[in-house]
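Worksheet: one structure, shown below.
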2 protein chains.
Amino acid sequence: MTAASHPFDDAIAAHTAEPGRLRGHTNPAWANMVGPFGGVTAAALLHAVHLQPERAGDPLALTVNFAAPIGDGAYDITARVARTNRTNQHWLAQLDQDGEVKTTASAVFGTHRDTWSDTEAVPPPAAPPEQIDPTGFPDGIEWARRYDMRFVTGPLPLDNRAQPDSTTTLWVRDAADRPLDFTALAALCDVFYPRAFLRRGTFLPAGTISLTTYFHTDAAELDSVGTDFVLGTARAHRFHRGYFDQSAQVWSRSGQLLASSHQLVYFKG
Amino acid sequence: MTAASHPFDDAIAAHTAEPGRLRGHTNPAWANMVGPFGGVTAAALLHAVHLQPERAGDPLALTVNFAAPIGDGAYDITARVARTNRTNQHWLAQLDQDGEVKTTASAVFGTHRDTWSDTEAVPPPAAPPEQIDPTGFPDGIEWARRYDMRFVTGPLPLDNRAQPDSTTTLWVRDAADRPLDFTALAALCDVFYPRAFLRRGTFLPAGTISLTTYFHTDAAELDSVGTDFVLGTARAHRFHRGYFDQSAQVWSRSGQLLASSHQLVYFKG
């Protein structure tokens, strides 16, 4: 960590303690209500796999299971390859703190080849980010200040009005101009606050249990996004007896679907 | 396994070899082109967790990573709890064959509580299953004969015509009248053939890499489905350089969203 380093890189930084075991530390700049922003935890686990010398290819799929809140302080990440195939590789990772399992993860990496390609989904309609005021989250949510957020639809329900549709669409980019890469994209997929807030018109206890992200892009395409805004959209399908899902898409401004992401969320109320 | 047992229960059966390690066997009735139907592998892993004496609650989320093809014959499943909380439990499971990792999985189980509930998604339009001829898959796909399938839209492209939309919607139920439970629902979430077939109008090499299912239902609601048809729908969002995603929903006839499921698929062509 140097004076010139970026807050996001600081937050996901880890040094190898022994082969397959890394040591990291929570970062106050990325704090959520309880523990760190889930997106930065997902990114830290993906980064830990990426740092492994035998890692091959780009991330294709990442699943992170949030087993228990991460406390402020140091943590250990273990990463081991479960299987290496000719074109892909399956990884398992785990974040422990004081000997307790806090987060588990699996990641698939693979090589890209030129094939028939098509984007069937369409991005949601949105005015350009330059025409929308940055609003973000209330001041108490520290991690949200790391992003420049411009809501197209479904901002936080600060007016306490319940909405019939759980959709949020926003332009978002790193507030400190860090160029987009796979780890930053993994974090971005979790910027959508719990959909139950919007439907109920209020904040309520809620937390992600499991998060899965599919990376639909490759390194060259990601590089072309640079520090520009991306367009994120998320919605829920069913709220039932203490749990709901939300599905998100992250689009480049030029219309490339960079990632799709899904999560299961616990809620009360 | 008795003469009266059901083909699905035979396929997911496992006996405990030692605490946390179970022994199972592939079943020819559920064979796919290469190895078993992925849905039955997902169900076998979920079932292995379900059999653990310390398991608590209903399945909420399941992720299965298909690391390598499973050969015909015996396999071992290990299941261990990573974390038990007051209302949920995180499990890790792995399927090995001859000392090689074939499949890894994570599962979250939890208790249901009465909360505000709402189904925001809507089922696709469909005529009743009684008005649609059962067609299913070509004869070579053994596992597909275990289901009664009635396609509303997007049947297998046997006419070799590429379609502009990757959506398949079908009514499906167990052909041998096994009532629906969580394991059967986990398997059903994988009945959708690779979306690239429909877009390209042809069969091509493709295989699921990672599959995540969210169970939006509870045991009582599932029981009420019994042996009736459920309505499944699936579509892709992006096909890019060797990979695509597909997202599916499974609905009860009475309009309950039982599960949503997502997968990343490898393809050639």
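The values are calculated or read from the model by the stated rules, or taken from the named source; none is laboratory data. Nothing here was measured: the structure is a model prediction, and the numbers come from that model. Backbone-built Cβ (ideal geometry, glycine too); neighbour counts: all protein chains shown.
How many residues are among the small types (Gly, Ala, Ser), farther than 24 Å from B:ALA219 by Cβ and surrounded by 24 or more Cβ atoms within 10 Å (Cβ to Cβ) when one looks only at the range B:39-75?
1
Just for the range A:186-198: of the residues that are outside any loop (DSSP other than H, G, I, E, B) and more than 11 Å from every other protein chain (Cβ to nearest Cβ), which one is surrounded by the fewest Cβ atoms within 10 Å (Cβ to Cβ)? Give the derivation first.
Our first condition is that a residue be outside any loop (DSSP other than H, G, I, E, B); within the range A:186-198, this holds for A:186-188, A:195-198.
If we keep only those that are more than 11 Å from every other protein chain (Cβ to nearest Cβ) as well, we get A:186-188, A:197.
Working: A:ALA186: 28, A:ALA187: 27, A:LEU188: 25, A:PHE197: 21.
The qualifying residue surrounded by the fewest Cβ atoms within 10 Å (Cβ to Cβ) is A:PHE197.
Mind checking which residues of the range B:107-126 are more than 7 Å from every other protein chain (Cβ to nearest Cβ) and touching a Lys or Arg at 6+ places or on another chain (Cβ under 7 Å)?
B:PHE109
Go through A:PRO28, A:PRO36, A:PRO19 for me and flag whichever is at pLDDT below 95, more than 12 Å from chain B (Cβ to nearest Cβ) and at negative phi.
Details: A:PRO28 fails: at pLDDT below 95; A:PRO36 fails: at pLDDT below 95.
Unique residue meeting the criteria: A:PRO19.
Could you grab me the full set of residues in the range B:76-106 that are surrounded by fewer than 21 Cβ atoms within 10 Å (Cβ to Cβ), more than 8 Å from chain A (Cβ to nearest Cβ), farther than 24 Å from A:ASN88 by Cβ and free of Cβ contacts under 8 Å to residues at least 40 places away in the same chain?
Those that are surrounded by fewer than 21 Cβ atoms within 10 Å (Cβ to Cβ), more than 8 Å from chain A (Cβ to nearest Cβ), farther than 24 Å from A:ASN88 by Cβ and free of Cβ contacts under 8 Å to residues at least 40 places away in the same chain: B:VAL81, B:THR84, B:ARG86.
Is at least one residue of the range B:154-177 surrounded by 17 or more Cβ atoms within 10 Å (Cβ to Cβ), at positive phi and not β-branched (Val, Ile, Thr)?
There is at least one residue in the range B:154-177 that is surrounded by 17 or more Cβ atoms within 10 Å (Cβ to Cβ), at positive phi and not β-branched (Val, Ile, Thr).
Output the residues belonging to the range B:114-124 that are assigned to a loop (DSSP other than H, G, I, E, B) and free of Cβ contacts under 8 Å to residues at least 24 places away in the same chain.
B:ASP114, B:THR115, B:TRP116, B:SER117, B:GLU120, B:VAL122, listed by residue number.
Out of everything in the range A:136-153 that is in contact with a Leu (Cβ under 8 Å, 6 or more places away or on another chain) and part of a loop (DSSP other than H, G, I, E, B), what residue ends up being surrounded by the most Cβ atoms within 10 Å (Cβ to Cβ)?
A:PHE137
For the range A:49-70, give me each residue that is more than 9 Å from chain B (Cβ to nearest Cβ), outside any strand (DSSP E or B) and under 20 Å from B:ARG83 (Cα atoms).
Answer for the range A:49-70, where residues must be more than 9 Å from chain B (Cβ to nearest Cβ), outside any strand (DSSP E or B) and under 20 Å from B:ARG83 (Cα atoms): A:PRO69, A:ILE70.
Does the range A:89-96 contain at least one residue that is more than 22 Å from the chain's Cα centre (by Cα), on the phi < 0 side of the Ramachandran plot and either modelled with pLDDT of 95 or more or of a type in the set (Lys, Arg) (or both)?
The answer is no; no qualifying residue exists.
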